[in-house]
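Q: This is the structure I want to talk about, given as structure tokens.
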Amino acid sequence: MKHLNLVSIKPAAAQLHDLRRTFRTNLGRLKVRPDIAERLVNHISARTEMEETYDLYTYLPEMREAMEKWEAFLQAIVAGKAETVPLAA
């Protein structure tokens with residue numbers, strides 16, 4: 001079974017989409033709300049027309065908190081303290 005090891009990914013083997021998918025998947029693992037995670041990967045289309053019209057709040061504090069969780073997660077990986085996650089074959 002393969003395990004994710006961000007430190008040893010070879011640039012030729014990884015695609016930009018792989019990094020986006022890893023980021024988005026792990027935001028869920030870090031208990032980031034789905035609507036905030038979608039904003040962080042710039043999936044604006046995930047919002048309904050009604051939300052775009054009536055919800056003008058920027059969610060910057062929530063996005064900052066999510067990025068701080070992501071930073072702590074990456075630091076744990078580099079320090080060898082993060083749990084590995086099985087990847088699909």
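Q: Within the set of pairs 6+ apart or on separate chains, which have a first residue in the range 59-83 that is among the charged types (D, E, K, R), a second that is in a helix (DSSP H, G or I), and C-beta atoms under 6 Å apart?
A: 62/36
Q: Starting from residues that are outside any loop (DSSP other than H, G, I, E, B) and either over 18 Å from residue 74 (Cβ atoms) or polar (S, T, N, Q) (or both), keep the ones in the range 1-35 and report whichever is modelled with the lowest pLDDT.
A: Restricting to residues being outside any loop (DSSP other than H, G, I, E, B) and either over 18 Å from residue 74 (Cβ atoms) or polar (S, T, N, Q) (or both), the top hit is 8.
Q: For residue 38, are the conditions met, namely being modelled with pLDDT of 90 or more, within 17 Å of the chain's Cα centre (by Cα), loosely packed, with under 11 Cβ neighbours inside 10 Å and in a helix (DSSP H, G or I)?
A: For residue 38, the condition - modelled with pLDDT of 90 or more, within 17 Å of the chain's Cα centre (by Cα), loosely packed, with under 11 Cβ neighbours inside 10 Å and in a helix (DSSP H, G or I) - is not met.
Q: Among the residues of the range 53-63, write down those that are of a type outside the set (A, V, I, L, M, F, W, C), in a helix (DSSP H, G or I) and surrounded by 11 or more Cβ atoms within 10 Å (Cβ to Cβ).
A: 62
Q: Of everything in the range 64-89 that's of a type in the set (D, E, K, R) and in a loop (DSSP other than H, G, I, E, B), which residue is modelled with the highest pLDDT?
A: The extreme case among them is 81.
Q: Also: Would you tally the residues in the range 41-59 being of a type in the set (Val, Ile, Thr) and under 16 Å from the mean Cα position of the chain (by Cα)?
A: Matching residues across the range 41-59 total 2.
The values are calculated or read from the model by the stated rules, or taken from the named source; none is laboratory data. All values derive from a computational prediction rather than experimental measurement. Positions of Cβ are backbone-derived with ideal geometry, glycine not excepted, and every protein chain shown enters the neighbour counts.
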